[in-house]
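The structure under discussion appears below in the form of structure tokens.
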Amino acid sequence: MAHFGVVAPAFYSHVGALSALALALHERGHRVTFLQRPDAAAYIKDDRLGFHAVGAATHPPGSLAQSLRRAANPGSPLGLRHVIVDMAESTAMLCRELPAACEALRIDAVLGDQMEAAGGLVAEALGLPFVSIACALPVNREPGVPLPVMPFDWGAGERALHMFEGSTRVYDWMMAPHRRALETAARKLGIPVRGALHECLSPLAQISQTVAAFDFPRQALPDTFHHVGPLRAASHKAPARIDALPVISPDRPFVFASLGTLQGHRFDLFKRIAKACRQLDVQLLAAHCGGLDARQCAQLEGLGATWVCAFAPQEAALARADAVVSHAGLNTVLDAVANHTPILALPIAFDQPGVAARIRHAGVGLSASPRFTGASGIASRLRRLLDEPGFKERCAPLAEGVKSAGGTARAADIVEAALGIDSHSRVRREGAA
């Protein structure tokens with residue numbers, strides 16, 4: 001049996017996806033421990049998984065909420081700068097704290113989220129094997145492919161290539177605080193200096209929740225890169241409170257709307273979605289993930305939402321929905337595709353603009369600005385998704401790709417094979433007999 005350490009950013013969706021893989025490894029006899037700031041312990045929903053808090057001196061209990069608020073609402077360029085600094089400080093803290101924690105816990109191997117470079121850096125410094133997991137869009141770079149945070153459609157023309165290159169330079173300039181944190185950490189850890197996420201990936205195996213058909217055309221992914229589709233637990237615990245799917249009339253279209261755990265507070269956007277659905281006379285289930293209060297929920301129902309709840313059974317809702325309105329979070333989008341449900345993407349932050357671009361590229365949905373699109377604009381796009389069968393039809397091959405990609409079980413197979421372990425032995429370290 002091996003003891004895996006999991007290093008991921010302190011975001012619910014990332015920890016949720018990695019928890020599915022962690023549980024699959026646990027069922028094979030391995031031990032798995034997540035390592036993060038104290039507040040992230042709340043994301044571990046299964047007592048079969050371990051959690052070890054690090055960095056309480058600089059990231060004390062209660063401090064995560066403010067970082068999440070900044071991440072959800074970067075607003076101005078100054079606000080975005082604060083988010084990048086938060087990211088840099090988190091990575092710096094993990095690079096300081098993880099070596100001692102891994103030694104004390106006797107960690108054998110590391111599962112590192114692509115969005116948190118500390119996992120790979122520390123594993124390399126300690127001589128531990130590690131696997132990189134892309135819970136969001138892969139950060140792997142190659143010429144001719146825009147960065148995952150960019151909203152650009154794919155193109156092979158000279159103008160598109162110049163735009164991709166220029167946007168990459170701007171992104172790297174903005175990420176300077178994070179680059180400096182990586183460079184400093186690498187020097188302190190005694191490993192070759194690197195300054196960007198894509199330079200901190202595992203040479204053994206890289207696993208992505210995407211399927212190849214959903215991404216832009218790729219030519220330079222390493223042989224160790226694996227598209228496995230969504231990482232989902234065979235059985236998982238739901239959030240603290242989850243409402244049952246309501247009784248939905250078969251006589252009117254049904255739309256499901258969710259903006260995810262970080263963006264569920266966006267009342268104004270939910271209002272425009274509700275008004276749009278009233279214009280179309282369709283049934284709307286809006287799930288705000290705890291971001292709205294009772295008064296706001298009642299207002300949404302008055303504006304056109306048929307039902308409003310904190311948490312809904314997303315798989316069931318997407319399987320029944322005729323269309324979904326989403327912030328373009330990768331988890332929701334892949335679940336929608338798997339259920340042949342057309343998507344209206346309203347991307348807000350992180351890799352969501354890139355996910356929306358891939359939705360358009362695959363032809364499985366439409367996108368709009370969450371800031372500037374009014375109720376009528378949302379309604380017109382929803383009307384197209386409901387009336388034009390091509391969107392649903394184009395989901396079919398992608399859904400088949402998701403179904404056949406292997407998911408969590410295949411990811412666990414890849415981890416064991418890449419790290420040279422099985423369910424009855426510890427890691428076979430390089431040079432071991």
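The values are calculated or read from the model by the stated rules, or taken from the named source; none is laboratory data. Not measured: the values here are computed from a predicted model. Positions of Cβ are backbone-derived with ideal geometry, glycine not excepted, and every protein chain shown enters the neighbour counts.
Before moving on, here are some points about what is shown:
- Among the candidates P217, P246, P192, residue that is more than 20 Å from the chain's Cα centre (by Cα) and farther than 27 Å from A396 by Cα: P192
- Taking the listed residues L269, L285, L300, the one that is buried (at least 19 other Cβ atoms within 10 Å of the Cβ), touching a strand residue (DSSP E or B) at 6+ places or on another chain (Cβ under 7 Å), assigned to a helix (DSSP H, G or I) and not β-branched (V, I, T) is L300, with no other qualifying.
Residue by residue, here is whether (1) out of contact with any Ser or Thr (no Cβ under 7 Å at 6 or more places or on another chain); (2) buried (at least 24 other Cβ atoms within 10 Å of the Cβ); (3) in the same structural domain as A323 (by TED's automatic domain parsing); (4) at pLDDT below 95 holds:
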| position | (1), (2), (3), (4) |
| --- | --- |
| A345 | no, yes, yes, no |
| V364 | yes, yes, yes, no |
| S367 | yes, no, yes, no |
| S380 | yes, no, yes, no |
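- Among residues that are among the aliphatic types (A, V, I, L, M), on the phi < 0 side of the Ramachandran plot, at pLDDT 95 or above and assigned to a loop (DSSP other than H, G, I, E, B), L245 is not included.
- Looking only at region 399-413, and only at residues there that are surrounded by fewer than 20 Cβ atoms within 10 Å (Cβ to Cβ), touching a residue at least 12 places away in the same chain (Cβ under 8 Å) and not small (G, A, S), the one that is nearest to F270 (Cα to Cα): K403
- For region 311-412, the helices (runs of 4 or more DSSP H) that sit wholly inside it and include 3 or more residues that are out of contact with any Gly (no Cβ under 6 Å at 6 or more places or on another chain) and among the charged types (D, E, K, R) are 375-387, 390-404.
- Residues that are under 24 Å from A22 (Cα atoms) and out of contact with any Pro (no Cβ under 6 Å at 6 or more places or on another chain) occur at least once in region 381-401.
- Test: P77 is outside the structural domain of R266 (by TED's automatic domain parsing) and modelled with pLDDT under 95: yes
- Residue count for region 64-86 satisfying the condition of being surrounded by 15 or more Cβ atoms within 10 Å (Cβ to Cβ) and without any contact (Cβ under 8 Å) to a residue 60 or more places away in the chain: 7.
- Scanning region 39-56 for residues that are part of a helix (DSSP H, G or I) and surrounded by fewer than 19 Cβ atoms within 10 Å (Cβ to Cβ) returns A41, A42.
- Condition check for F372: out of contact with any strand residue (DSSP E or B) (no Cβ under 9 Å at 6 or more places or on another chain), farther than 27 Å from P246 by Cα and either buried (at least 24 other Cβ atoms within 10 Å of the Cβ) or acidic (D, E) (or both): no
- Scope region 87-104; condition buried (at least 18 other Cβ atoms within 10 Å of the Cβ) and either in contact with a strand residue (DSSP E or B) (Cβ under 7 Å, 6 or more places away or on another chain) or among the acidic types (D, E) (or both); matching residues: L94, E97, L98, A101, C102
- Filter result for the condition that a residue is among the hydrophobic types (A, V, I, L, M, F, W, C), buried (at least 22 other Cβ atoms within 10 Å of the Cβ) and in contact with a strand residue (DSSP E or B) (Cβ under 8 Å, 6 or more places away or on another chain), over A257, A212, A181: A257
- Test: residue in region 94-115 that is closer than 23 Å to V193 by Cβ and in contact with an Asp or Glu (Cβ under 8 Å, 6 or more places away or on another chain): yes
- Residues (more than 28 Å from P230 (Cβ to Cβ), modelled with pLDDT under 95 and among the hydrophobic types (A, V, I, L, M, F, W, C)) located in region 122-162: A156, A160, L161
- Count - residues of region 19-29 that are surrounded by fewer than 24 Cβ atoms within 10 Å (Cβ to Cβ) and either in contact with a strand residue (DSSP E or B) (Cβ under 6 Å, 6 or more places away or on another chain) or on the phi > 0 side of the Ramachandran plot (or both): 2
- Complete set of residues in region 142-173 that are surrounded by fewer than 16 Cβ atoms within 10 Å (Cβ to Cβ) and either touching a Ser or Thr at 6+ places or on another chain (Cβ under 9 Å) or charged (D, E, K, R) (or both): E142, D153, E158, R159, E165, R169, D172
- Which listed residue, of D335, D387, is acidic (D, E) and in contact (Cβ under 8 Å) with a residue 40 or more places away in the chain: D335
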